[in-house]
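**Q** My questions all concern the structure below.
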Amino acid sequence: MKLLVINPNTTEAMTEAIANAARSVAAPGTEIVATQPSFGPASIEGHFDEAWAAAGVAEQAQLAASWNPAATILACFGDPGLEAAREALQGPVLGIAEAAFHAASFLATGFSVVTTLTRTCIIAERLVQRYGFEHLCRGVHGTDIPVLALEDGTGEVLAQLEEASRIALERDRSGAVVLGCAGMAPLCAQLTRSLGVPVIDGVAAAVKMGEALVSLGLKTHKQGDYALPIRKPFKALR
Ligand code: 5HY
């Protein structure tokens, strides 16, 4: 099967890192195709960035509709443009936040989210409410690590994430950590080893859940609000 992984920001190095994380867990028969929007912010760190990212996801979903990916993963923790992508595509579309919350719900009676800038915590909290996980998510914690600072993967970033996770686990009395940024995917294995609790990377969770849905022959409901978008004149970005 062919899975589309969309990095909704426009940093190519991050798209590549996300693609590598997806390929590292994909089944032997799964091909990962990674893309990013042709316009938009280098990183997504707030409501304004999310608005541009959602439009970028809609652009990439519209382009992918021509080859109809078996499933599509939106590799940004705000799940921007999720509903739009579900309208435009036939196969399942999974946001990494939604996938990570579901994965955590199978593993512990409570989980903590550790994310990047504190100002983006509200976005994660709203996703927890939207997806119905208030009873399981015991806290969302910012580290004030900028998204693009994750790329350098220095020991300092890892140490900061580990420390924030320890505090979150203790303060929340939770049993699992959800990583609140696609850029944290490469650090998941090390954090799992050092923390000794389940640490969920939404990219990996979404890839495996996408594969599972495809192998069950399940696709997005294409009537009603998820029917294909109504075709109409469209004025492109200048
Ligand atoms: C992400 N931003 O996963 C989010 C993380 C965040 O560019 N990719 C981004 O802070 O919302």
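**Q** Can you pull out the residues in the range 66-90 that are within 15 Å of HIS221 (Cα to Cα), in contact with a Leu (Cβ under 8 Å, 6 or more places away or on another chain) and small (Gly, Ala, Ser)?
**A** Correct list: ALA70, ALA71, ALA85, ALA88.
**Q** Hey, another quick one. Of the numbered conditions (1) over 26 Å from SER43 (Cβ atoms); (2) open to solvent by 50 Å² or more (accessible area, probe 1.4 Å); (3) part of a helix (DSSP H, G or I), LYS208 fails exactly one; give the number of that condition.
**A** (1)
**Q** Taking the condition of being crowded, with 17+ Cβ neighbours inside 10 Å and either in a loop (DSSP other than H, G, I, E, B) or over 14 Å from the mean Cα position of the chain (by Cα) (or both), how many residues in the range 105-116 meet it? Before you say what the answer is, go through the steps one by one.
**A** Keep residues of the range 105-116 that are crowded, with 17+ Cβ neighbours inside 10 Å, which gives 105, 108, 110-116.
Okay, now just the ones that are also either in a loop (DSSP other than H, G, I, E, B) or over 14 Å from the mean Cα position of the chain (by Cα) (or both), so 105, 108, 110-112, 116.
The qualifying residues number 6.
**Q** When you check VAL177 against the structure, is it assigned to a strand (DSSP E or B), at negative phi and within 16 Å of the ligand (Cβ to nearest atom), yes or no?
**A** On the way: assigned to a strand (DSSP E or B): yes; at negative phi: yes; within 16 Å of the ligand (Cβ to nearest atom): yes.
When the stated conditions are applied, VAL177 passes them.
**Q** Moving on to the next point. Here is a list: ARG166, ARG231, ARG238. Which entry is away from the ligand (no atom under 16 Å from the Cβ), among the charged types (D, E, K, R) and within 23 Å of GLY110 (Cβ to Cβ)? Can you show your working first?
**A** Working: ARG231 fails: within 23 Å of GLY110 (Cβ to Cβ); ARG238 fails: within 23 Å of GLY110 (Cβ to Cβ).
After ruling out the rest, the residue left standing is ARG166.
**Q** Also, I was wondering about something else. Look through the range 60-76, keep the residues that are closer than 18 Å to LEU228 by Cβ and in contact with a Gly (Cβ under 9 Å, 6 or more places away or on another chain), and return whichever of them is farthest from the ligand (Cβ to nearest atom).
**A** Going through the range 60-76, the residues closer than 18 Å to LEU228 by Cβ turn out to be 60-72.
The next check asks that each one be in contact with a Gly (Cβ under 9 Å, 6 or more places away or on another chain); those that pass are 60-61, 68-72.
Details: GLN60: 14, ALA61: 17, ASN68: 25, PRO69: 20, ALA70: 23, ALA71: 19, THR72: 16 Å.
Applying the filter and picking the extreme gives ASN68.
**Q** ALA103 versus (1) within 22 Å of PRO186 (Cα to Cα); (2) in contact with a Ser or Thr (Cβ under 9 Å, 6 or more places away or on another chain); (3) of a type outside the set (Phe, Trp, Tyr); (4) not assigned by TED's automatic domain parsing to the domain that holds MET14: which is the lone unmet condition?
**A** (2)
**Q** Taking interchain pairs and intrachain pairs at least six residues apart, which have beta carbon atoms under 7 angstrom, with the first residue in the range 213-224 and assigned by TED's automatic domain parsing to the domain that holds ALA88 and the second of a type outside the set (Asp, Glu) and open to solvent by 60 Å² or more (accessible area, probe 1.4 Å)?
**A** VAL214/MET1; LYS219/GLN90; THR220/GLN90; LYS222/GLN90; LYS222/LEU228
**Q** Taking the condition of being touching a residue at least 24 places away in the same chain (Cβ under 8 Å), open to solvent by 40 Å² or more (accessible area, probe 1.4 Å) and not in a helix (DSSP H, G or I), how many residues in the range 125-152 meet it?
**A** Adding up the residues that qualify gives 3.
The values are calculated or read from the model by the stated rules, or taken from the named source; none is laboratory data. Since this is a predicted model, take the numbers as computed values, not measurements. Neighbour counts run over all protein chains shown; Cβ positions are idealised from the backbone, glycine included. Calculation scope for accessible area: heavy atoms of the full protein, side chains included, ligands and nucleic acids excluded. Shrake-Rupley method; radii C 1.70, N 1.55, O 1.52, S 1.80 Å.
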